[in-house]
1. With the requirement that a residue be within 30 Å of L161 (Cα to Cα) and open to solvent by 40 Å² or more (accessible area, probe 1.4 Å), what does the range 30-40 give you?
2. Of (1) outside any loop (DSSP other than H, G, I, E, B); (2) open to solvent by less than 20 Å² (accessible area, probe 1.4 Å), K177 satisfies all except one. Which?
3. In this structure, is T204 touching a Phe, Trp or Tyr at 6+ places or on another chain (Cβ under 8 Å), at pLDDT below 95 and among the hydroxyl-bearing types (S, T, Y)?
4. Would the range 114-125 turn up any residue that is part of a strand (DSSP E or B), at pLDDT 90 or above and closer than 18 Å to A24 by Cα?
5. So which residues in the range 11-22 are closer than 25 Å to E155 by Cβ and surrounded by 21 or more Cβ atoms within 10 Å (Cβ to Cβ)?
6. Can we say I152 is open to solvent by less than 30 Å² (accessible area, probe 1.4 Å), at negative phi and touching a Lys or Arg at 6+ places or on another chain (Cβ under 6 Å)?
7. Looking at this structure, is V8 under 17 Å from the mean Cα position of the chain (by Cα) and either among the charged types (D, E, K, R) or crowded, with 22+ Cβ neighbours inside 10 Å (or both)?
8. Anything in the range 110-120 that is surrounded by fewer than 23 Cβ atoms within 10 Å (Cβ to Cβ) and among the hydrophobic types (A, V, I, L, M, F, W, C)? List them, or say none.
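The values are calculated or read from the model by the stated rules, or taken from the named source; none is laboratory data. The structure presented is a predicted model; accordingly, all values stated were derived computationally and were not measured. Positions of Cβ are backbone-derived with ideal geometry, glycine not excepted, and every protein chain shown enters the neighbour counts. What goes into the accessible areas is simple: the full protein's heavy atoms, side chains included, and nothing from ligands, DNA or RNA. Shrake-Rupley method; radii C 1.70, N 1.55, O 1.52, S 1.80 Å.
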Amino acid sequence: MLEKIRIVLVNTYHPGNIGSAARAMKVMGLDRLYLVSPNHFPHEDANTMAAGAEDILDKVVICETLEDAIGDCEHVIATSARPRSHQVPAMTPPECAVFARETPAEEEIAIVFGRERSGLTAEEYELCNKHVFIPANPDYSILNMASAVQIIAYELYQKSLTHFEPVKKEIELPSAKEMKFFLERMEERLDDAGYFKGKPKDVTLGKLRAYFQRNLPEKAELSLLQGILTRLESEEDWQRRQNNQD
């Protein structure tokens, strides 16, 4: 169960938090750490705070963007302390652990943690198709990043100890990269058709994105949707988009 899970830290400011997160992961059996544009890494403070989990730091995957870190994942789970507008399906940490256990082993899961001070941007949040929040004191709900990693990692590890028959993969789901490609094409086609005239574009798009993230299409279904969009755009537009994706 734990092998299909990667922990993704976005734009971490303090390298000590990276080390603390690595330590929290190792204690709970996780070892796949991705860093998106960290401010300082490698750094001695990260090694110091890792306290025995340096092996996780040694094999960290560093990415320039969140898209690079999650592009091949079927399930991308945003973490935050509060609900978001147009939010994707929300879970508590125990519910997140149940979801991870029940997901086929072939499907990659990324759990994404935002910046220490400001969390994930709206654009980054839109790349995620699920959401886990840690209920906390509403008057002060800001958790240290490593503490948040520890709480979620603990729930994942506890569920990994319980007996569960492996789920057989019966359908193939699109990756985060494939879904982003579709959603961007959909936005362009709707723009070209004048669909957003007289409507608040951001709100409308947020609702559409949330719908598709809640009801993630099978890969074959996504191909049908892509085919519809292809019929609505010129050959020049299609070729340009293919070149950009490559």
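1. D31, R32
2. (2)
3. On the way: touching a Phe, Trp or Tyr at 6+ places or on another chain (Cβ under 8 Å): yes; at pLDDT below 95: yes; among the hydroxyl-bearing types (S, T, Y): yes.
The answer is yes for T204.
4. Of the range 114-125, the ones part of a strand (DSSP E or B) are 115, 119.
Restricting the remaining residues to those that are at pLDDT 90 or above gives 115.
Within this subset, residues satisfying the condition of being closer than 18 Å to A24 by Cα are 115.
Yes: one or more hits.
5. Selection gives T12, N17, I18, G19, S20, A21, A22.
6. On the way: open to solvent by less than 30 Å² (accessible area, probe 1.4 Å): yes; at negative phi: yes; touching a Lys or Arg at 6+ places or on another chain (Cβ under 6 Å): no.
So I152 fails the test.
7. Details: under 17 Å from the mean Cα position of the chain (by Cα): yes; either among the charged types (D, E, K, R) or crowded, with 22+ Cβ neighbours inside 10 Å (or both): yes.
The answer is yes for V8.
8. If we filter the range 110-120 for residues that are surrounded by fewer than 23 Cβ atoms within 10 Å (Cβ to Cβ), which is where we start, we get 115-120.
Matches in the range 110-120: L120 only.
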